[in-house]
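The values are calculated or read from the model by the stated rules, or taken from the named source; none is laboratory data. This one's a predicted model, so the numbers in the text were calculated from it and none came from an experiment. Ideal geometry is used to build each Cβ from the backbone, glycine not excepted, and the neighbour counts take in all protein chains shown. The accessibility values were calculated without ligands, DNA or RNA, using every heavy atom of the protein model including side chains. Shrake-Rupley method; radii C 1.70, N 1.55, O 1.52, S 1.80 Å.
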Amino acid sequence: MTKMEDVVKFFDSYLDIDYAGNTAVYSEPDEVVNERREASMKFWHAVPGAQLSPGFGRPMGMPSEQLAQLAANVNLERRTLFLVAEYSDPTWGTLYAGYIGGDRARTAQSYGGLLYATEIKGQLKIIASYREDIDKLPPPMHWRHSQGAEISSPDTPVSVRALEAPTGRAAHRQDWDALRHTATGL
C-alpha cells in the first residue's frame, strides 16, 4: 500500500519534470525537448483506447531566433501541488488526485489541472488529466476530462493531504478548504 508521503513525492517529481520540459520548449534544442518528453512519459500509463502525452511540446526544427522570440514572451512557473486526495474507486481501487496550479506566473496560484494516479504493476502512474470546466462556476470545482482514462466523479476522499492553499482565485481556495475539511474533519 502506498503512503500519502510517497504520493506527494510522486506528484512533486512529476511537476519537476513538467517544469523542465516546459522550460526546454523555449530554450533547448529538439533533442533535449524529446528527452524531457520521454522522462515525462515515465510517469504516465495510457489505458487501452486512451491517449496521454505531456503538457508541453513544440514543432521540431524551430530556428533558434524563433525560440528566442518565444522565450522572451513567456513567464513560466513550476506548477504548485496544492492538495492530494485519496479515493476508493470501484474501477481503480485506490485512486489519488493531485490538484495542481497553472504553469504561468498569472495562473500559478490557481488550479490549473487535476491529475489522477494509481498503482500500475506496483508503481504509481498518472492515468488521467482533467482541466477546470469553465462552463460551470465553482465552488465546488467542476472538472472536464482532458486526456487518459475517464474517471467517474469520486465520492468523499478517504484521506487528504493539504499542502498549500491556492490564492489566485477565491473560488479555488473555497473548494480547497471544503475538500480538505471533507476528509479530515477539520
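Checked against (1) more than 23 Å from Ile100 (Cα to Cα); (2) open to solvent by less than 70 Å² (accessible area, probe 1.4 Å); (3) outside any helix (DSSP H, G or I), Ser53 passes all but a single condition, namely (1). If Arg173 satisfies all but one of (1) part of a loop (DSSP other than H, G, I, E, B); (2) without any contact (Cβ under 8 Å) to a residue 12 or more places away in the chain, what's the number of the condition it fails? Single failed check for Arg173: (1).
Yes/no per residue for (1) at pLDDT 95 or above; (2) surrounded by 19 or more Cβ atoms within 10 Å (Cβ to Cβ); (3) on the phi < 0 side of the Ramachandran plot:
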{"position": "Tyr96", "(1), (2), (3)": "yes, yes, yes"}
{"position": "Ile100", "(1), (2), (3)": "yes, yes, yes"}
{"position": "Ala105", "(1), (2), (3)": "no, no, yes"}
{"position": "Tyr116", "(1), (2), (3)": "yes, yes, yes"}
{"position": "Ile127", "(1), (2), (3)": "yes, yes, yes"}
{"position": "Asp135", "(1), (2), (3)": "no, no, yes"}
{"position": "Met141", "(1), (2), (3)": "no, yes, yes"}
{"position": "Ser153", "(1), (2), (3)": "no, no, yes"}
{"position": "Thr156", "(1), (2), (3)": "no, no, yes"}
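Looking at Gly57, Gly98, Gly93, can you tell me which residue is in contact with a Lys or Arg (Cβ under 7 Å, 6 or more places away or on another chain), touching a residue at least 24 places away in the same chain (Cβ under 8 Å) and not polar (S, T, N, Q)?
Numbers: Gly98 fails: in contact with a Lys or Arg (Cβ under 7 Å, 6 or more places away or on another chain); Gly93 fails: in contact with a Lys or Arg (Cβ under 7 Å, 6 or more places away or on another chain).
After ruling out the rest, the residue left standing is Gly57.
Across region 158-167, the number of residues qualifying as buried (at least 17 other Cβ atoms within 10 Å of the Cβ) and of a type outside the set (A, V, I, L, M) comes to 2. Cβ-Cβ contacts under 7 Å between residues 6 or more apart (or on different chains), taken from a first residue in region 29-51 that is without any contact (Cβ under 8 Å) to a residue 12 or more places away in the chain to a second residue that is surrounded by 15 or more Cβ atoms within 10 Å (Cβ to Cβ) and not in a loop (DSSP other than H, G, I, E, B), are listed as Val32/Ala24. For Arg161, the criteria (1) part of a strand (DSSP E or B); (2) among the basic types (Lys, Arg); (3) in contact with a His (Cβ under 8 Å, 6 or more places away or on another chain) hold in every case but one, which is (3).
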